[in-house]
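The values are calculated or read from the model by the stated rules, or taken from the named source; none is laboratory data. Computed from a predicted model, the values in this text were never measured in an experiment. Glycine also receives a Cβ, built like all others from the backbone with ideal geometry; neighbour counts cover every protein chain displayed.
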Amino acid sequence: MTTPTLYGIKNCDTVKKARQWLDANGFNYQFHDFRADGLNESKVQQWIDAVGLDALINKRSTTWKGFSEQEKIHIFTAAKAPALIIANPTIIKRPVLETASHTQVGFKAEQYQSCLS
């Protein structure tokens, strides 16, 4: 089985909760800090294809709230979304857990248990 990857920002409280849960439940995983380690368009497009923009974008984030209405519209234009998300990675709802067969956005213990079993 491929080792899952947890994507997020190390100082995000929800990412910390997810990492603590994974550690406490004995799951091996790789952590990818997308602020420090970066992202590429193909990875972001994979997430968009897997979960959709609505699930991937954190509309409660400070970054999202700082965008103009025109910028928000551009993010939801499929061709422009990956580049705009990469330029503003804090609009990604965190964490993103990626397994060989599943992409999970956000953290809920029961969902993690289900997709990692």
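Filtering segment 79-108 to residues that are surrounded by fewer than 13 Cβ atoms within 10 Å (Cβ to Cβ), hydrophobic (A, V, I, L, M, F, W, C) and within 17 Å of the chain's Cα centre (by Cα) leaves Ala87, Ala100.
Listed here are the residues, each with its yes/no results for (1) without any contact (Cβ under 8 Å) to a residue 24 or more places away in the chain; (2) touching a helix residue (DSSP H, G or I) at 6+ places or on another chain (Cβ under 8 Å); (3) of a type in the set (Asp, Glu); (4) within 12 Å of Val96 (Cα to Cα).
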{"residue": "Lys17", "(1), (2), (3), (4)": "no, no, no, no"}
{"residue": "Leu22", "(1), (2), (3), (4)": "no, yes, no, no"}
{"residue": "Gln46", "(1), (2), (3), (4)": "no, no, no, yes"}
{"residue": "Val51", "(1), (2), (3), (4)": "no, no, no, yes"}
{"residue": "Lys65", "(1), (2), (3), (4)": "yes, no, no, no"}
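Right, Thr90: under 26 Å from Gln113 (Cα atoms), touching a helix residue (DSSP H, G or I) at 6+ places or on another chain (Cβ under 6 Å) and touching a residue at least 60 places away in the same chain (Cβ under 8 Å) or not? Yes. Every condition in (1) at pLDDT 90 or above; (2) out of contact with any Pro (no Cβ under 6 Å at 6 or more places or on another chain) holds for Lys80 except the one numbered (1). Do you know which residues across segment 101-117 are touching a residue at least 60 places away in the same chain (Cβ under 8 Å) and among the hydrophobic types (A, V, I, L, M, F, W, C)? Phe107, Ala109, Leu116 - these are the residues of segment 101-117 that are touching a residue at least 60 places away in the same chain (Cβ under 8 Å) and among the hydrophobic types (A, V, I, L, M, F, W, C).
For Ile9, are the conditions met, namely being in contact with a Leu (Cβ under 9 Å, 6 or more places away or on another chain), surrounded by 11 or more Cβ atoms within 10 Å (Cβ to Cβ) and not small (Gly, Ala, Ser)?
Spelling it out, it is not the case that Ile9 is in contact with a Leu (Cβ under 9 Å, 6 or more places away or on another chain), surrounded by 11 or more Cβ atoms within 10 Å (Cβ to Cβ) and not small (Gly, Ala, Ser).
Take the conditions free of Cβ contacts under 8 Å to residues at least 12 places away in the same chain, assigned to a helix (DSSP H, G or I) and of a type in the set (Val, Ile, Thr) and apply them to Ile73. Does it pass? Spell out how you get there, then give the answer.
On the way: free of Cβ contacts under 8 Å to residues at least 12 places away in the same chain: yes; assigned to a helix (DSSP H, G or I): yes; of a type in the set (Val, Ile, Thr): yes.
Yes; evaluated as a whole, the condition is true for this residue.
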